[in-house]
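Single-structure report; data block below.
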Amino acid sequence: MSTGATNDVPLTRKDFISDQTVRWCPGCGDYAILAQMQRALPEIGVPKERTVFISGIGCSSRFPYYMNTYGIHSIHGRAPTLATGLAIANPDLSIWVITGDGDGLSIGGNHLLHAIRRNVNLKIILFNNRIYGLTKGQYSPTSRTGAVTKSSPMGVMEQPLNPIAVAMAAEATFVARSIDSHPQHLAATLKQASDHLGTAFVEIYQNCVIFNPTEWTELSDRKNRDDSILYLEHGKHMIFGKNQDKGIRLNGFTPEVVSLDDVDLDDILVHDATSKPLASILGSMEFPDYPAAMGVIRDVRKPDYAAELISQVRTAQEERGVGDLNQLYLAADLWTVHTRKEVECASARERRDGEAAISVRRLDASSQASVMPITGLDEEYIDDLDKPEEKISDFQDLLVTDTVSALEPNIPITMSEHSSLARTIRQMNRHNIGCVLVTDEEDRLVGIFTEWDALMRVVGVVDDLAQQTVADYMTPEPLALKADLPIAQALNLMSVHGFRHLPLVDDNNHPIGIISFRDVVGYLNDVLEKE
Amino acid sequence: MSLQTELKSERVSHLAVSGFSRVSVGTSIRNTLAQMQADGQVVCLVTDDKQVGPPSETAQLVGIFTERDVMRKVIDVPGMLDKPVDEVMTPHPITVGPDASAADALRLMDENHFRNLPIVDTSGRLLGNMTHQAIIQYLADRYPVEVLNRPSDPERFPHKAEGG
Ligand code: SF4
């Protein structure tokens, strides 16, 4: 893959997809977040050679492998630390820290706090699934009190941390929240975070389908989510609900949900992303007592750490000149340590004694372990936890079991890449189709030309259609599917990219079919009606 | 649960419907296309604004002009660009109100082979353009585990559910 400067060539999502096999569980919410990141970055427009993803340890922390940018899979909880160093050493980089509820709030809790407090120019994305996924299902610092997990068989006794409140306590200058199952909202939130200069902290509610699959159902369910989510917009009233009929009012210091039928619009809170007290109130509103606040909760400008530091260094250098590290070492209070035979002998003796002591202790421990009874491990209970909850409708089943070939794809009309635009358009009109597939000499798929290309790039722009070849106006290397993939994959590509047509190819990349929005909707509609 | 029943209970105004461009009746096809290209929209609604300037809220919808019309009537027909859009638009398109159910809207589209169905409220305000994409998006949002949470490259997919 080309790594040259990409300033003038517009980037596409493909540029950000790495060649690594993604290792998350099938159905994990991380996939949706990855897809939105790969969609948002080309729009943000920072070249990939200036983009870095740094993570710690955990499921989410595999993220850097899957982005075709610079990346560091670092030490548990320490991603903000490495990122801080990088931001100072190279302030031109766009740095994203990917962390989770465990990595960010337990293992690396204090690193996170201090990166935020310093307002380093980082985008910190915390995937909150309220469980340790990678280590297979122990409760995390955000697990709810009472949650039954592998490490809390009788329920969690601790109080969960609220990531937004943690960020607020560290004086975060940008705080936002989104959810994996709402792609448009997620992409928009990521873009807003990327625009912020300073630390942008984003909490994403993420579904761990294996170990905590029901944590966010009320918020991700498309049918009810608008009743459970308060979408924030700076300067707008805090109104929510499927019918936009509920609002948030302040009663003293306490927010309350009111019906707009009973309350004047003037009494409803207006979101002000610059207000710290308001941000604290929004952060403290916990679902299900309140709707979950999503969007930009706080956004203020404060000096960014690297810029401040660099300017201090510059001032110091102007006043006292560029320093010399060697001189600094030799400057004052220098001791020389001499080697002495006796010292060496003494320490060697100590080492031997020490080792012996340790091995004695080890023996003790192992003999104890063999007699220690195994208690508290209820095999049946553990097996139970291993099984994810199955509650799958026929429809969901069909999305993953039926393959795209069931859609009875149309035979595609193909054109050689040397065909003229005039001929291509005549063919499309003759067959009454919205797109043609473009192939090379060996009939391999090299591009797709659709009505969209004709409207956006040809009509009113190209004078003589006969003089131009389709290869110059098509979308090259289109995403294509194999016919044995599930319908859900087609839906995924169509929804993530808005592709109206998807080519199907065989193993040799020869086009064998084409499917459209309409085919998918029509099929699902028909099949389900028959049932 | 069938798709039909689901869509019956959703109103079109609750779907993520598509946007559109807008021009006044009498606009040249050249300018109409320029507008659509600038907006990145494949559908242009034509309204009967009399005054020049920004569109008025209550201008009536008189026609719809889409990429399909571009292909069939404009792109390879010489001399079309300076004609008014009225000559190539589809006049008086069928519309639905924001409270129509998604199922009804979809049926209307399928029966008439429409790709686009403008959403207009009782005072004539243009609210959006319903397409099949809105249904695709709905399904994706409704079944995120099955649809959204899939790898970028369908060929590379882990088959074990064991974390990270
Ligand atoms: S264990 Fe949970 S969070 Fe980790 S990859 Fe699997 S589903 Fe995702």
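The values are calculated or read from the model by the stated rules, or taken from the named source; none is laboratory data. In this text, all values refer to a predicted model and were calculated from it rather than measured experimentally. Glycine also receives a Cβ, built like all others from the backbone with ideal geometry; neighbour counts cover every protein chain displayed.
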(message) What are the pairs with Cβ atoms under 6 angstrom where one residue, in the range A:209-235, is facing chain B (nearest Cβ under 8 Å) and the other, located anywhere, is within 14 Å of the ligand (Cβ to nearest atom) and among the hydrophobic types (A, V, I, L, M, F, W, C)? Sequence gap at least six, or different chains.
(response) A:209/A:28; A:209/B:145; A:210/A:25; A:210/B:161; A:211/A:131
(message) For the range A:84-100, give me each residue that is in contact (Cβ under 8 Å) with a residue 40 or more places away in the chain and away from the ligand (no atom under 16 Å from the Cβ).
(response) A:84, A:87, A:88, A:91, A:92, A:93, A:94, A:95, A:96, A:97
(message) Residue under question is residue A:11, and the condition is that it be modelled with pLDDT under 95, surrounded by fewer than 23 Cβ atoms within 10 Å (Cβ to Cβ) and either aliphatic (A, V, I, L, M) or not assigned by TED's automatic domain parsing to the domain that holds residue A:210 (or both); does it hold?
(response) yes
(request) Quick one: in the range A:9-31, of everything that is more than 20 Å from residue A:59 (Cβ to Cβ) and either part of a helix (DSSP H, G or I) or small (Gly, Ala, Ser) (or both), which residue is nearest to the chain's Cα centre (by Cα)? (result) A:13
(request) Taking only the range B:78-110 into account, find how many residues are away from chain A (no Cβ under 12 Å), in a helix (DSSP H, G or I) and surrounded by fewer than 19 Cβ atoms within 10 Å (Cβ to Cβ). (result) 4
(message) Scan the range A:217-229 and tell me whether some residue there is at pLDDT 95 or above and under 18 Å from the mean Cα position of the chain (by Cα).
(response) no
(message) List pairs: first residue in the range B:130-141 and more than 7 Å from chain A (Cβ to nearest Cβ), second residue assigned to a helix (DSSP H, G or I) anywhere in the structure, Cβ distance under 6 angstrom, at least six positions apart or on different chains.
(response) B:130/B:12; B:130/B:105
(request) Could you please give the count of residues in the range A:503-531 that are among the aliphatic types (A, V, I, L, M) and within 11 Å of chain B (Cβ to nearest Cβ)? (result) 5
(message) Just to check your reading of the model, which residue among A:56, A:77 is under 21 Å from residue A:112 (Cβ atoms) and more than 16 Å from the ligand (Cβ to nearest atom)?
(response) A:77
(message) The conditions are (1) surrounded by fewer than 19 Cβ atoms within 10 Å (Cβ to Cβ); (2) touching a His at 6+ places or on another chain (Cβ under 8 Å); (3) away from chain B (no Cβ under 13 Å), and residue A:448 fails exactly one of them. Which is it?
(response) (1)
(message) Tally up the residues in the range A:102-141 that are closer than 23 Å to residue A:155 by Cβ and either within 13 Å of the ligand (Cβ to nearest atom) or not assigned by TED's automatic domain parsing to the domain that holds residue A:163 (or both), please.
(response) 13
(message) Condition first: away from every other protein chain (no Cβ under 14 Å), of a type outside the set (Asp, Glu) and free of Cβ contacts under 8 Å to residues at least 24 places away in the same chain. Can you find one or more residues in the range A:122-139 that meet it?
(response) yes
(message) Among (1) surrounded by fewer than 16 Cβ atoms within 10 Å (Cβ to Cβ); (2) in contact with a Phe, Trp or Tyr (Cβ under 9 Å, 6 or more places away or on another chain), there is one condition residue A:292 misses while meeting the rest; what is its number?
(response) (1)
(request) Just one of (1) modelled with pLDDT under 95; (2) within 16 Å of the ligand (Cβ to nearest atom); (3) touching a helix residue (DSSP H, G or I) at 6+ places or on another chain (Cβ under 6 Å) trips up residue A:203, so point out which. (result) (1)
(request) Please find, among A:169, A:147, the residue that is in the same structural domain as residue A:99 (by TED's automatic domain parsing) and closer than 23 Å to residue A:276 by Cα. (result) A:169
(request) Determine whether the range A:62-72 contains at least one residue that is within 16 Å of the ligand (Cβ to nearest atom) and buried (at least 23 other Cβ atoms within 10 Å of the Cβ). (result) yes
